[in-house]
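For reference, the structure discussed in these notes is given below.
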Amino acid sequence: MTRAGPDAASAASRTAAPSASRVILALACVAQFMVVLDVSVVNVALPAIQTSLSFTTTDLPWVAGAYSLAFAGFLLPGGRLADLYGTRRVFVAGLALFAVPSLAGGLATAPALLIAARAAQGLGAAVLAPATLTVLTTSFPEGPRRTRALAAWTAVSLAGGAAGNLVGGVLTQSLSWRWILLVNVPIGAVALALTGRLPGSGRPGRAARLDLPGAGSVTAGLALLAYGVMQAEPRGWDDPVTASVLATAVLLLAAFVLIETRLARDPLIPPRLFRLRAVSAGNAVMLLAGACFQVPMWYFLTLYMQDVLNYTALETGLGFLPHTLLTMAVGLRVTPWLMKRVDDRALIIAGAMLAAAGFLWQSRLTADGDYLSAVLGPAVLVSIGGGLLNTPLTTAVTSGVPGRDAGAASGLMNTAKQVGGALGLAALTAATAGHAAGPPSLAHAYGNAFLIMATMMSAIVAASLALPPRRDTPETDPSR
């Protein structure tokens, strides 16, 4: 069993000083915002990128796909690194791995260079994203301060998806598509300069070893799973290439389970984590939530505004502004206040029901819809529901986890969210494929996607009943 490194143990056994806490929270939130932003920031810039670098229609989707593929594939080993080698070291490495490829991508002169840079960015994101959550769970003991920190982290995570379209549209239209990547460089440099305030990065008490067989099998398995679902829509689920890729992914993931439960000395995901009901049930709920909130909602709403309402890239980005503002307002102010008074499970259920109502409203899209009734109205319910749902869910998934496993738990949660988004998008795209061109048919297809999301939100209501009830408690020393 891997012992916690001094940084994890010491950070988990004390409460950070207020001034240090603010810096730690700001660093974690800024880094997480960059990671989530880059999932969607390229979407509205793709036409400009295609013209600038002479991308073929076949290769263009890889500008977004290379990032998502690497991100999903490396999340689990990325999460475990903080447990083995120290929070600060891994956070710094993740920032560097994210910022340097951002510079290379912004300066790319050929399609292959941009795709390679985006894949390297995804690798950096897979290291950085779990580290941002580990920083918070090892710096803030369970209680009100951790709740507030996780509320801020969750709010910027949700807002980043909507803001990506806005930021991408503004930068592409006012400067150049290159700035959607270059903007990460100065932000990353400032963040790196402040990482000295993070918890220390001492090494574990004995030589720590990354579970390489487990890391290899799960990375290859998740990457192939993401690739397979990306190919399912253009090729079809019964295509030999799609079927063989997905079958190989299943075999590799089965091998990963065997390695973790029977063979690994220091498992990448310690099986003891799944004995915590909050972790096992919470990640199942997180998978379903990711299948709606992580990518699919932004994807289909973007298509509706551009393909049916004929909005420009900038107008589409501005159309997401209410989602961003409402989600942050509810997540930062309302939810932490409610978590002091209402059981977390009840908040998750209430948020899922509100989001389900919003998606059901959104499913009634028409070709002659207007912004107020077709976009803004549902956005109010979906954003409030998402703001209420995600913070208590994140708190539940990370509660009760020992300090030595904080990174593994963070990686598992982020993986559930990302894989849920990939699988959800593939399933929804397949369910809405085959419709004739034209605004009425497209509006009907996109409406069906939101109807399925409403159904998944209803499933979250049922699945949340398996979560253990928990109320926010007065701050205590978690080392007790």
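Please treat every number below as a calculation from the coordinates, not as lab data. What you see is a predicted model, and the numbers here were worked out from it, not measured in a lab. Every residue, glycine as well, gets a Cβ built from its backbone with ideal geometry; the counts of neighbours run over all protein chains shown.
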When ASP368, ASP59 are ranked with the fewest other C-beta atoms within 10 Å first, the list becomes ASP368, ASP59
What nm distance separates the two modelled labels at VAL257 and ASP370, each placed 7 Å from Cα along Cα→Cβ?
-> 5.3
Within the range 368-392, backbone nitrogen closer than 12 Å to the virtual label 7 Å beyond the Cα of ALA329 toward Cβ = 380-381, 383-384
Potential extension, VAL380-LEU451 segment - 0.36 nm per residue separation minus Cα distance | 23.9 nm
For a footprinting-style exposure proxy, rank SER363, SER217 by other Cβ within 10 Å, fewest first.
-> SER363, SER217
Euclidean distance of C-alpha centroids, the range 86-102 and the range 28-85, integer Å = 15
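Would you kindly state how much longer the chain becomes between THR109 and LEU192 on full extension, computed as 0.36 nm times their sequence separation minus their alpha carbon distance, in nm to one decimal?
27.1 nm
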Modelled label-to-label distance, ASP307 and ARG265, 7 Å Cα→beta-carbon offset: nm?
-> 5.3
Within the chain, helix-based [θ] at 222 nm, where runs of 4 or more DSSP H residues each add -39,500 (n - 2.57), nearest 500 | -23500 deg cm²/dmol
Sorted by average packing, counted as other Cβ atoms within 10 angstrom per residue and highest first, what order do 386-394, 31-39 take?
-> 386-394, 31-39
Which value, in nm² and rounded to one decimal, describes the direction-averaged projected area of the C-alpha convex hull of the range 355-428?
-> 6.1
